[in-house]
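We did not get these values from a lab; they are worked out from the coordinates using the rules stated. Just so we're clear, the structure is a prediction, and the values are computed from it rather than from any experiment.
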Amino acid sequence: KIMFRNKRLIGQSSLIGTLIGALPGAGADIAAWVSYGMAKKTSRKPEEFGTGSEEGVIAPTTANNAALGGTWIPALVFGIPGDTITAIVLGAMLMYGLKPGPLVFQDNKELVNQVFAVALMSQVFLLVLGYLGIKAFAWMFKFPRNVVLAGITIFSLVGAFAMRSNVFDVFLVVLFGIVGYFMEKAEIPLAPFILGLVLGPMIEDNLRIGLIKSDGRLLPFVSRPISAVFALVFLFLFLYEPAKALVRKLGKGRKGA
């Protein structure tokens, strides 16, 4: 019943997850955050997000799983891993003398079919395991909140230190934890902030590469069909919310008059 009731949201999140998963280096985490934000914007009950809303659970989970399928697009077509899993598989393929790229669909048709078959079978097994593990997962949610948060905090600090063996990274985690706390108190959404931190360096690097190739000119970013479409989509998403709020405000003003 829940799946049928949220079929539109599942389709929307699956599309978002697949498209973002197809971007090299984006990964399932970014797909989950974007899907969550989009679900909150399109929901009829956005105030319920963050309080255990089923839409808030379905959207990122669906996008997370869909992104895993999308990561195979750049991996097999261009030989560029979309996440750590595809990077490991590509490494194994290279060890056996298989070169991912456009020609892999001609030279190794059987391999491509096997990859797709395994990916499809894994989704079926995931559905079965998820159904069987519902009771166990529900039992885990009965853990006291303070115990769970304490465990998450410890693992976050240990993980931050293990990345570069630098104590400064631990202080950064604490600092941004405090920032996140006050952002939640002020009801400022965390998803755009996190996406900015994750995607910021990638956008800067690619912008720098594009400017070098175009001799510092911005016109090529909007003069080619694909880049022009992306620019229009970005402009629409950027202006949609302010325009929607303005129309709503004008509508209320006319009713008051």
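Only helices reaching 27 angstrom along their own axis (Cα) with mean Kyte-Doolittle hydropathy no lower than 1.0 count here, and for the DSSP H runs of the chain these are 109-132, 145-164, 167-185, 190-213.
Annotation for region 145-198 versus region 109-130: alpha-carbon center distance of 35 Å. Taking max minus min of the alpha-carbon positions on each principal axis, region 17-168 gives extents of 54, 44, 32 Å, largest first.
Using only alpha carbons, region 143-213 has a radius of gyration to Kirkwood radius ratio (Rg to Rh) of 1.11. Per the Kirkwood formula applied to alpha carbons, region 1-98 shows a radius of gyration over Rh ratio, Rg over Rh, of 1.11. From the Kirkwood radius over Cα pairs of region 51-114, Stokes-Einstein at 37 °C and 0.692 mPa s returns a whole-number translational diffusion coefficient of 251 µm²/s. Between ASN206 and ALA243, residue separation times 0.36 nm minus the direct Cα-Cα distance comes to 10.4 nm. With N counted as the residues of the chain, its alpha-carbon radius of gyration over 2.2 N^0.38 Å works out to 1.21. Partners of LYS99 within straight-line reach, counting lysines whose Cα lies under 21 Å from its Cα and excluding those fewer than 8 residues away in the same chain: LYS109.
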